[in-house]
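The values are calculated or read from the model by the stated rules, or taken from the named source; none is laboratory data. Given the structure is predicted, the values throughout are model-derived calculations rather than measurements. All Cβ positions, even for glycine, are placed from backbone atoms using ideal geometry, and neighbour counts span all protein chains on display. Remember, those area values only see protein heavy atoms, side chains included, never the ligands or the DNA or RNA. Shrake-Rupley method; radii C 1.70, N 1.55, O 1.52, S 1.80 Å.
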Amino acid sequence: MDLNTITAVAHPQTRAQLPAWTAGDAWLAGGTWLFSEPQTQLTRLIDLTDLKWPALTITEGHLSIAATCTIAELDGLTCPSDWLAAPLINQCCRAFLASFKIWRTATIGGNLCMSLPAGPMISLTAALDGVCTIWKTGGGEQKVPVVDFVTGNQRNRLMPGDLLRQIDIPIAALKRRTAFRQISLAPVGRSAALLIGSLDADGTLVLTVTASTVRPIRLSFPKPPDASTLRDAIAQQIADDLYHTDIHGQPLWRKHMTLRLAEEIRSELLEAMPS
């Protein structure tokens with residue numbers, strides 16, 4: 001899609017070179033959504049490519065994912081053998097309604113900032129205790145857990161001019177045992193429910209609900225719950241108005257699938273526990 005209202009494209013190479021934010025500006029990373037439809041309100045693009053952020057950085061404590069890291073780069077990450085949660089990366093990458101061409105261009109940060117309920121990078125990073133680093137438009141940084149970053153369907157914590165810099169995932173979260181469930185109305189359709197469960201060494205079970213709800217919902221249990229306790233917790237913590245509705249699934253069906261997939265995850269994780 002030609003954006004014929006654009007009159008300028010900025011190419012900053014450092015944070016200091018980022019231009020002052022004005023009405024009509026947009027950050028440009030992968031641009032797969034930006035160039036997919038008319039953007040008549042925009043007059044300038046600020047291209048993040050020349051900032052050259054390392055896509056993926058593994059430190060002693062974290063896996064840092066640059067906002068400009070592509071889906072293909074993340075999917076291609078070679079993970080240490082003790083990262084029991086590593087399969088989640090490939091599972092969530094394949095939950096995209098996207099071709100390999102999109103994989104090579106679309107970015108992790110773009111998926112979070114779009115804040116669609118079905119955004120699989122939201123699912124992945126929320127389930128693994130990801131924390132967003134936001135460069136504030138007036139200077140300084142803000143740290144926000146991914147589960148709190150997305151506040152609703154296409155809504156998040158970013159203020160005009162704020163820039164998502166990276167997402168940090170604790171190594172400890174990557175060492176947890178996990179279970180993944182996803183369902184769509186069509187074989188290659190957008191996710192209508194995407195749930196991820198994780199089991200810590202101390203027996204803590206965490207369930208992260210996405211796609212079926214307008215924002216990520218996390219339920220934590222100090223010890224694995226029985227089926228009734230899990231069902232009651234979902235009913236209490238996910239109000240009916242939090243279930244998303246669109247052509248990819250109605251709220252009652254999404255709620256039903258959330259309960260069904262949650263129980264499958266609970267059973268799978270309990271079977272993996274040492275006796």
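Tabulated data
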{"item": "Selection within segment 175-219 - open to solvent by 50 Å² or more (accessible area, probe 1.4 Å), basic (Lys, Arg) and more than 14 Å from the chain's Cα centre (by Cα)", "result": "175, 177, 181, 190"}
{"item": "Test result for residue 260, outside any strand (DSSP E or B), open to solvent by 70 Å² or more (accessible area, probe 1.4 Å) and of a type in the set (Lys, Arg)", "result": "yes"}
{"item": "Some residue of segment 241-251 being aromatic (Phe, Trp, Tyr), touching a residue at least 60 places away in the same chain (Cβ under 8 Å) and closer than 26 Å to residue 111 by Cα", "result": "no"}
{"item": "Residue list for segment 136-161, filter: of a type in the set (A, V, I, L, M, F, W, C) and open to solvent by less than 80 Å² (accessible area, probe 1.4 Å)", "result": "144, 146, 147, 149, 150, 158"}
{"item": "Identity of the residue in segment 85-111, in contact with a Ser or Thr (Cβ under 7 Å, 6 or more places away or on another chain) and among the aliphatic types (A, V, I, L, M), that ends up farthest from residue 154 (Cα to Cα)", "result": "85"}
{"item": "Residues of segment 221-245 satisfying the condition of being hydroxyl-bearing (Ser, Thr, Tyr), surrounded by fewer than 20 Cβ atoms within 10 Å (Cβ to Cβ) and either within 18 Å of residue 122 (Cβ to Cβ) or in contact with a Pro (Cβ under 6 Å, 6 or more places away or on another chain) (or both)", "result": "245"}
{"item": "Residue in segment 135-146 that is closer than 27 Å to residue 266 by Cβ and either small (Gly, Ala, Ser) or within 10 Å of the chain's Cα centre (by Cα) (or both) present", "result": "yes"}
{"item": "Subset of segment 2-41 (residues that are part of a loop (DSSP other than H, G, I, E, B), open to solvent by less than 60 Å² (accessible area, probe 1.4 Å) and over 16 Å from residue 158 (Cβ atoms))", "result": "3, 5, 6, 12, 19, 24, 30, 31, 32, 39"}
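Listed here are the residues, each with its yes/no results for (1) assigned to a helix (DSSP H, G or I); (2) without any contact (Cβ under 8 Å) to a residue 40 or more places away in the chain.
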residue	(1), (2)
101	yes, yes
129	no, no
142	no, yes
147	yes, no
151	no, no
168	no, no
173	yes, no
185	no, no
